[in-house]
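*Asks:* Have a look at this one before I ask anything.
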Amino acid sequence: MFRLMTTIARGRAHEAAEDIAARNAATILGQQIREAAGALEDAHKAFAIAEAGLARDEAQLTLLDGRIADLEARVVAAIEKGLEGLAGEGAEEIAEIEAERDLCRKGVERLRGELSKRKPYLRECESRLRRLCRSRDLVSVRSRVHQLDGRTGAAGLSRIADAEKTLQRIEDAQTAEDAVMARQDCGTGSSTIADKLAEAGCGPARQNSGAAVMERLRQRAGGTNGG
């Protein structure tokens, strides 16, 4: 039973850890990328230091080769002059320099080989890091889009549709009111007090009254009879 409870506890701890990792995946990814970028930067610095060391060793190797060539020429000259003792000392010096040169050459070749292998690896790491950064940015953009969808998703679109319907009802009501007002304006053909006073001879006839029309027609008929 104790073993079973321990297994359950470990299982729940694992599930909790996975849940935390899932909910904080973006944060974890950002930190991992920053750490990878820092490690890559350190690797570039170390590579630059190694390249500088290689350049110094190559310069030293060239210098040793030059010293050997110079001593060899002098030893040959000493031999030609019969200065065997002096030539022997020169030969000993050449041997020591050659030993130093051989060690330096091995170091140069080894370092050159290491750098030639490391350079493509660093380039590959740079490319992978760039892809990671682009993918992270894409994930970030998609996350913001999803957040926007959550805020203005189906519920938001439903509210927009409701508002459009309310606006349509208001516009329809206003159109109906305008129609009622128009009918009222057209139905005001009944005689007003001003029309009644004009028909009773109190003041000039109204331009659009029946009396005015009759007066105009009488004048037209009188003119025709007089002709």
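The values are calculated or read from the model by the stated rules, or taken from the named source; none is laboratory data. Predicted, not measured: the structure shown is a model, and the values here were computed from it. Cβ coordinates were reconstructed from backbone atoms using ideal geometry, including for glycine residues, and neighbour counts include every protein chain displayed.
*Asks:* Among GLY90, GLY53, which is surrounded by 13 or more Cβ atoms within 10 Å (Cβ to Cβ) and within 16 Å of LYS119 (Cα to Cα)?
*Replies:* Unique residue meeting the criteria: GLY53.
*Asks:* Do we have any residue at all in segment 111-129 that's exposed (fewer than 12 other Cβ atoms within 10 Å of the Cβ) and of a type in the set (A, V, I, L, M, F, W, C)?
*Replies:* no
Let's see how each residue does on (1) modelled with pLDDT of 90 or more; (2) aliphatic (A, V, I, L, M); (3) in the same structural domain as THR62 (by TED's automatic domain parsing); (4) assigned to a helix (DSSP H, G or I):
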site: GLU109; (1), (2), (3), (4): yes, no, yes, yes
site: GLU124; (1), (2), (3), (4): yes, no, yes, yes
site: CYS133; (1), (2), (3), (4): no, no, yes, yes
site: VAL139; (1), (2), (3), (4): no, yes, yes, yes
site: GLY150; (1), (2), (3), (4): no, no, yes, yes
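*Asks:* Report yes if some residue within segment 61-82 is part of a helix (DSSP H, G or I) and either in contact with a strand residue (DSSP E or B) (Cβ under 6 Å, 6 or more places away or on another chain) or under 30 Å from ARG123 (Cβ atoms) (or both); otherwise report no.
*Replies:* Yes, segment 61-82 contains a residue that is part of a helix (DSSP H, G or I) and either in contact with a strand residue (DSSP E or B) (Cβ under 6 Å, 6 or more places away or on another chain) or under 30 Å from ARG123 (Cβ atoms) (or both).
*Asks:* Return the pairs, sorted by first residue and then second, in which the second residue is among the hydroxyl-bearing types (Ser, Thr, Tyr), the first residue lies in segment 32-56 and is free of Cβ contacts under 8 Å to residues at least 24 places away in the same chain, the beta carbons are less than 7 Å apart, and the residues are 6+ apart or on different chains.
*Replies:* Nothing qualifies.
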